[in-house]
1. Within region 137-158, can one find any residue that is surrounded by fewer than 18 Cβ atoms within 10 Å (Cβ to Cβ), modelled with pLDDT under 85 and of a type in the set (Val, Ile, Thr)?
2. Looking at region 259-282, which of its residues are of a type outside the set (S, T, N, Q), closer than 21 Å to residue 244 by Cα and part of a helix (DSSP H, G or I)?
3. Looking at 223, 235, which one is closer than 24 Å to residue 96 by Cα, hydrophobic (A, V, I, L, M, F, W, C) and within 24 Å of the chain's Cα centre (by Cα)?
4. Take region 465-502 and flag every residue that is under 44 Å from the mean Cα position of the chain (by Cα), part of a helix (DSSP H, G or I) and among the hydroxyl-bearing types (Ser, Thr, Tyr).
5. Which ones in region 248-257 are within 23 Å of residue 299 (Cβ to Cβ) and surrounded by fewer than 19 Cβ atoms within 10 Å (Cβ to Cβ)?
6. Go through region 205-254 and report how many residues are on the phi > 0 side of the Ramachandran plot and among the acidic types (Asp, Glu).
Amino acid sequence: MKYRYKLSTIVFLLLIVTISTAPTQTTLTAEDIAEKALAATVYLEMKDNSGNTLGIGSGFFVKPNLIVTNYHVIEGAAKGTAKLVGKYTRYNIEGVTASDKTNDLALLKVSAYGIKPLSLGNSYEVKIGSTAYVAGNPKGFEGTFSDGMISSRRDKYTRERLQMTAPISPGSSGGPVLNKKGEVIGVSVAIHRALDAQNLNFAIPSKYLKKLLTQTKIAKPLLQREDIISANTRLQWGNVKYNLGDYVGAITDYTMAIRLKSDYVGAYYNRGNAKAYLEQYFGAIADFDIAIRLNPDFTDAYISRGMAKGKLGQYFAAISDYDIAIRLKPDYAGAYYNRGNAKINLEQYSAAIADYNIAIRLEPNDADAYMNRGNAKHELGQYFAAISDFDIVIRLKPDDALVYYNRGLAKDKLEQYFAAISDYDIAIRLNPDFTHAYIRRGVTKAYLEQYFGAIADYDIAIRLKPDYAGAYYNRGLAKYFLRRTLEAKRDTRTAIQLAIKAGDVTTKTHAEELLRILNK
């Protein structure tokens, strides 16, 4: 019996060893992580006492009734709601149980049931090059999930941050950043160099969140106080409104940020971009001027100022700004692209092509650069070369109606009329309201003496754009060839009236000449 007891003990010990050393599933699929993360992620909307939306953001449950988000998302708000991604229920934010303004974190109390909170991982173990997943609500679009990698660790003013390639846009701040186990290793926060430029995507390490969770107390209600809202928060609110298309609201927030911090370069720059979207180009340039004075090496400010000058027809001044941007950053594809656009407007087509060549070398998949290079080649009569560029654009953007239209124009020049019509057909299928495509298809059919088909296209163009002088002129011309003289005269007179009203000298001249022929 003694021997048997020892044997059974050995068997038992071996069983323990076998169980403890068996491989375990330590990672999840991206699909599983997405499902888990989005089930606990919320869309936050913060308001003032009057019910006006101050800003939006993301957050996630770390306990059944506790949501974590960025402090700047709630700063200065009087009330707010949290909505689970993909659900209709909104939870009123009852208060703040703990906050860490230094690390941009806050814990919010809500009354929710059946929520499975996300577990926290160890941010100390995160390695550069490891995979990171981000859930959030970028630009107000609920339930976005993306991946990237940890690209660096940053330590600025003693605040450690995990830099990553996973994109974070305004509205995603406060969302969870997870590892391959589905554990939260950080809280996302976007640090914007500039709107319409490169964003720096960071995560606040989970170690700070773990520490904050030990400091939770009875929830204190949100309290709106204008005097505590920082310039950075005003900038973030402005960025959210900007990305939602509320440029007037964004300008208000950027202006408040500037009042709080008169040398806030990013606020001037972003306000300039918002003004540009509102076509307030002189005001935009004034803001870019200040941003450049405060930071003479601000490449994106030169680019944006150049674009605003271009909108005002100041192409030489725009080129000067692009020259500076290229001098500051010789590998900036966007600077060459925009300089090429300015040169096209000055009819410097060969010089524009040279800039597009560099832009394409730096960004080989930039469809717009190929498109504009093709347009420049078309202007120089290099139709085969233009078609080659349009072919590349079609590979990159097969659903872009404009590129088929442009390729059709080049084929027209080469008298490849049937091929041109095929391109116009595709352009119209992709964009049934593409007035110019109907006109050009009608013109090409007229070249082939398909006058009835041409008239049908002009009819559609006129229905889409009743004041289009060129459509009436071309329809009148087609009717002239069909010997429908009275109808041709009527269309030609209409074309002349509309051309005079629109200041279209070319169409007016052609229509008057046609009318003289018709009156003989």
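The values are calculated or read from the model by the stated rules, or taken from the named source; none is laboratory data. The model shown is predicted, which means the values in this text are computed figures rather than measured ones. Positions of Cβ are backbone-derived with ideal geometry, glycine not excepted, and every protein chain shown enters the neighbour counts.
1. yes
2. Within region 259-282, the first condition is being of a type outside the set (S, T, N, Q), and the residues that meet it are 259-261, 263-269, 271-272, 274-279, 281-282.
Checking which are closer than 21 Å to residue 244 by Cα leaves us with 266-269, 271-272, 274-279, 281.
Correct list: 266, 267, 268, 269, 271, 272, 274, 275, 276, 277, 281.
3. On the way: 223 fails: within 24 Å of the chain's Cα centre (by Cα).
Only one candidate qualifies: 235.
4. Across region 465-502, the qualifying residues are 472, 473, 494.
5. Listed by number, the list is empty, since nothing qualifies.
6. Kept after step one, since they are on the phi > 0 side of the Ramachandran plot, are these residues of region 205-254: 245.
Of the ones still in play, those that are also among the acidic types (Asp, Glu) are none.
Final tally of qualifying residues: 0.
Results for (1) closer than 30 Å to residue 384 by Cβ; (2) of a type in the set (Gly, Ala, Ser), shown as yes or no for each residue.
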position	(1), (2)
439	yes, no
446	yes, yes
456	no, yes
505	no, no
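Residues checked against (1) assigned to a loop (DSSP other than H, G, I, E, B); (2) at pLDDT below 90; (3) out of contact with any helix residue (DSSP H, G or I) (no Cβ under 8 Å at 6 or more places or on another chain):
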{"residue": "224", "(1), (2), (3)": "yes, yes, yes"}
{"residue": "227", "(1), (2), (3)": "no, yes, yes"}
{"residue": "237", "(1), (2), (3)": "no, yes, no"}
{"residue": "241", "(1), (2), (3)": "no, yes, no"}
{"residue": "254", "(1), (2), (3)": "no, no, no"}
